[in-house]
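Some notes on the structure that comes next.
What follows is calculated from the coordinates using simple rules that are stated; it is not laboratory data. All values derive from a computational prediction rather than experimental measurement. No Cβ is skipped: glycine too gets one built from the backbone with ideal geometry, and neighbour counts run over all protein chains shown.
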Amino acid sequence: MFQRKIKIEGAAFILFRIINKDVMEEIVTKEDLRQFGLLLMDKIQTIFKERNSQQKESSDPEWLKSKAVRKLLDISAGSVQNLRMTQKVRFKKVLGSYYYNKEDLLKLFKDESN
């Protein structure tokens with residue numbers, strides 16, 4: 001006798017006992033299927049809501065290219081380079097392009113305006 005449990009994210013357990021891969025001991029009723037369908041739809045909706053909220057958060061980039069920094073802060077390329085060289089903002093160099101941490105830039109210029 002082979003037993004297999006299928007877990008639906010902490011909500012319900014369905015236990016099947018399969019004998020000889022063809023015969024099931026327990027009968028699944030229409031009500032069982034209806035409850036399973038409702039549970040499955042609820043879980044799918046939850047996943048979609050989580051993904052939508054994650055996409056909204058990720059639509060605002062954390063790292064900006066040099067050109068975007070110049071445009072955002074209305075500063076010259078030399079000023080951006082100066083921020084990088086004096087290590088006032090975190091940066092990354094990826095394939096020859098510099099990326100600057102947006103949070104650091106906003107914090108830096110917020111502090112200077114006070």
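Quick notes on this structure:
- Among the listed pairs K67/K88; K67/K102; K65/K107; K49/K110; K67/K93, those beyond 23 Å (Cα-Cα): K49/K110
- Here the 3J(HN,Hα) profile of the range 68-77, calculated from phi with Karplus coefficients 6.51, -1.76 and 1.60 at θ = phi - 60°, is 5, 5, 4, 5, 4, 9, 6, 10, 7, 4 Hz, Gly and Pro shown as x.
- As a rough guide to protection, the peptides 70-80, 96-106 ranked by mean Cβ packing within 10 Å, highest first, stand as 96-106, 70-80.
- Taken over the Cα atoms of the range 63-113, the convex hull encloses 70 Å³ per residue.
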